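The numbers here are math on the coordinates, done by the rules we state, and not lab data. This is a predicted model, so every value here is computed, not measured. All Cβ positions, glycine included, derive from the backbone under ideal geometry; neighbour counts span all protein chains shown.
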């Protein structure tokens, strides 16, 4: 993947992860927490969301290594659960909002591809970029639904955990990134995330070609 081909995909990646974080903040605001709004995070301006490593350096490293794939993340939107009326339920809604935004984006990109598929070559840069938009948003949705703190799936699981298990589960967050890295090494992407992504992608491709 050269820089010219990677640039529009990088823009799609950044836009997608910003939508993910804005969705968290918007639902938190709906449920009574104004923290994200007060800190200027309910914006599509990328600057407040940029994580130097996750948003810039890591994707650029993938481009330089010619991996053929991009991935990244933004700074998490700040959430104050004490402002929620029903903390467990509201936090589950906030957690689900990020992956839901990515699923919606995947559907929107699929719709655009369906409109263009008969008028534009499949290997056109725009079509490849739109295809990447579908794929990366499915990956972001499925990956973030893994129930390991601090991923979004853990916020949803908390709504269903008995009270006595909540504190031990939350303590996993300090080790969350190490657990995720170990699972990556053991093939979580290959054996868990990608089969689900490919299944969803197959459904969308079937709809596009119908």
Principal-axis tilt of helix 194-209 within the chain, Cα atoms, nearest 10 degrees: 50
Between helix 3-30 and the chain: long-axis angle, C-alpha atoms, 0 to 90°, nearest 10: 30
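Using 1/(1 + (r/R0)^6) with R0 = 41 angstrom and r between the beta carbons of residue 83 and residue 52, what's the FRET efficiency to the nearest 0.05? All intermediate terms of the calculation are to be shown ahead of the outcome.
Numbers: r = 29 Å, r/R0 = 0.70.
In this case the efficiency is close to 0.90.
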Candidates 179, 63, 50, ranked by Gaussian network fluctuation over the chain, Cα under 10 Å, top entry: 179
Within a Gaussian network of the chain (alpha carbon springs, distance under 10 Å), most fluctuating of 109, 165, 189: 165
Label-to-label distance, nm, for residues given as residue 196 and residue 64 (7 Å Cα→Cβ offset): 3.2
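Could you work out [θ]222 nm for the chain from helices alone, using -39500 (n - 2.57) per DSSP H run of at least four and dividing by all its residues? Round to the nearest 500 deg cm²/dmol. It would help to have the intermediate numbers written out before the result.
Details: 9 runs with 131 residues, N = 210.
So the helix-based figure for the chain works out to -20500 deg cm²/dmol.
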Rounded tilt (10° steps) of 87-116 against the dominant C-alpha axis of the chain: 10
Gaussian network model of the chain, springs between alpha carbon atoms under 10 Å - residue of 127, 65, 177 with greatest fluctuation: 65
